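Asker: Sharing a structure, written as structure tokens. Questions coming.
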Amino acid sequence: MPMSLLIVLIAGAIVRVVFLSEVQSDVRAAYPDLDGLYHHYWARALATGDWVPPPGQPDPQIREHAFIKAPGYPYALSILYRLTGPRLAAARTVQTGLGLVSVALVYILALRMFDRRAAAISTVMYLLCWIFPYYESQLQETSLAVALWLALWVLLLSGGTERNSFLFLAAGLTSGALALVRPNILLLIPLLAVGIFWIQASSPVVRWRAAGLFLLGAMMAVLPVTVRNFRVSGDVVPITAGSGLNLYIGNNPIANGYTGIAPGIQSWSTFDLPRIVDQLSDEEGKKLTYAGASAVWKERALSYIRGHPGRTLSLMIQKSLLFWGPLEVSVDQVDELERNASPVLRLLLVRFPLILGLSFVGCVFWLLARVGERERRFGILVLAAVAVYSASFLPFTVTGRYRAQIIPLLLPWAAYSLVLLWNAGAGREYRRLAMVLMSILAVTALTSVNWAGYKPEKEKWHLSYALAHAKQSNWEAAEKSLRLSIEANPGFVRSWKYLASLLIAQERYDEAGEVVDRLMKMAPTDPDVWDRAGTLSSRLGLWEEASERFSRGLEYDARHVTLLINKGTSEAALGRIEEAIPYFEKVTKLAPHLPEGWFDLGRAYDQGGRPDDAVRAREKLLQMRRPSGRYDKW
């Protein structure tokens, strides 16, 4: 192992260990949210066989449908959980190790493309790029995707160099595995197969064999998932059935290029997809599979695109500016604010605008330089792959964790531009030195401008802390974070809803009433708002008013489980047991895993004089894992 690589690996390990200790001390470390929680749940369920969803979340019904999210990362995580148990610290530690593997792969790739100097500079830049240790600490697919992406390109370059066609079978398997993590890689597989044929200097037979083995490897990796999806759903879904939903989210009247919202699909997570698909089925008047729902959403998106070509073009430009912009666009966490709050990450000064500026200059000078035919073809293939990969997100939405994958491919060219700078200075070629330096400064200045006008959302950052504090029953800290979130954005409905719940739980009913009144003006069609309003009324003993408010909420979402439970409870409190029972029955159909539903149904049966039905409900309840003793008797 070259000494320079060893030093970088040691330095990288030290930085990551210090950052991991910082992450573990964060109050949110034990409470993944949104996609992180979904990945953790899925991997834990695969490892343990326990498919009971997390508290407060509906059953995502992963086993009953074609995959809606890429399965590669959760399945890989489940292997770790089988060995260590579902420990978040273990996942973060292994992903940190995977990050160090990526450092070594960057060195190998840059060495094969250029020379030792470029390889050393590339690895140092990778080490000093803050997003990699940051994403390695998240329960996201990014660290695995980056490692597989780099391994793919190293295999492609090695296969061509050593004229060993069977390395292309390994490359194909790697590309297929990567597609299971990032499904849009399927678009690249034909391009790479053509590229393999193009860059090989061997006979046509060897070139066809290399390309064929690559495609065979990719098919071997993807086909089991396709077969599984067909068996559970009856639909041919290569990897996921999420493309239609993602296209609709990216092209609708309220789309902004990065937020996962669309008409009728707001304030949701992947756990909510069965309910969302059921709602769509009601709208369409027929039961839809995930693939069928995807087709409906796709048609809605295409209809919007056809009817609004100007806005569609504007959105595409906005998404391009976001993808290539200077800031990390967030999904689960607010990445830029996480960096600003981290003493370790603030020390890692290499950011995307610098990498993009350096790599652009390096590419231009490389294209003008005299290089070998095979090297030129391989470089063009890399650039084409980067272009296709980045363009594949534009019809949908863009985030920082999607573009992290292309950065390692830009680093060798970024390093090449610095090598050119050094060579010009060392050779006293002052005109060339000035030209390269001015090019770097000019391009980097352009890439540093926030052309899209993206602003990190402080309200979401504070809310993440509020939720973690609430899970620890630290109500004072939770309220403080919620009020900071509202101060950052007074129109952020989610924080107002959580504040209402907190105030109601603390029996601060006057303050809660003010918040609820505000919410009903801000979001009058939000079923969660009516749930808070009804809950407040029930706490005040105003059961008739509570019942009316729960009914209003159900007008906007007839499958809202919490509203159904509360509506049934209010009817029972008013002595209308027969009216309450249908609500509890609907809960047990929509959320059969939920103990509260069976408990409330059994009690209502008992009060309604239906003892046999009550016994059956209790038997169902006893089959479940009971979180507390409140279910031991009616």
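The values are calculated or read from the model by the stated rules, or taken from the named source; none is laboratory data. Bear in mind that the values here come from a model prediction, so they are computed numbers and not experimental data. FYI the Cβ positions are ideal-geometry reconstructions off the backbone, even for glycines, and counts take in every protein chain you see. When the accessible area is computed, the model is the full protein with side chains, heavy atoms only, and any ligands, DNA or RNA have been set aside. Shrake-Rupley method; radii C 1.70, N 1.55, O 1.52, S 1.80 Å.
Asker: Residues of the range 421-495: accessible area per residue at 1.4 Å, in Å²?
Answerer: Accessible area per residue: 60 Å².
Asker: Treat each spin label as a single point 7 Å out from the Cα along the C-beta direction, and report the residue 197 to residue 115 distance in nm.
Answerer: 3.6 nm
Asker: Treat each spin label as a single point 7 Å out from the Cα along the C-beta direction, and report the residue 364 to residue 473 distance in nm.
Answerer: Distance between label points: 6.3 nm.
Asker: For the chain, what is the charge dipole size about the Cα centre, in debye to the nearest 20, if Lys and Arg each add +1 at the Cβ and Asp and Glu each add -1 at the Cβ?
Answerer: 2420 debye
Asker: Now for a different question. Which entries of 458/521; 286/319; 319/458; 69/287 show an alpha-carbon separation above 27 angstrom in the structure shown?
Answerer: 286/319
Asker: Could you compute the FRET efficiency for residue 520 and residue 101, with r as their C-beta to C-beta distance and R0 at 45 Å, rounded to 0.05?
Answerer: The computed FRET efficiency comes out at 0.30.
Asker: Give me the one-decimal nm value for the distance between modelled label points at residue 228 and residue 261, 7 Å along each residue's Cα-to-Cβ direction.
Answerer: That separation, rounded to one decimal, is 3.4 nm.
Asker: Which percent of the accessible area of the chain is formed by carbon and sulfur heavy atoms (probe 1.4 angstrom)?
Answerer: Carbon-and-sulfur percentage of accessible area, whole number: 60.
Asker: Mean Kyte-Doolittle of at least 1.0 plus a Cα span of 15 Å or more along the axis: flag which DSSP H helices in the chain meet both, please.
Answerer: Helices meeting the criterion: 3-24, 88-113, 142-162, 166-181, 188-199, 352-368, 407-426, 430-447.
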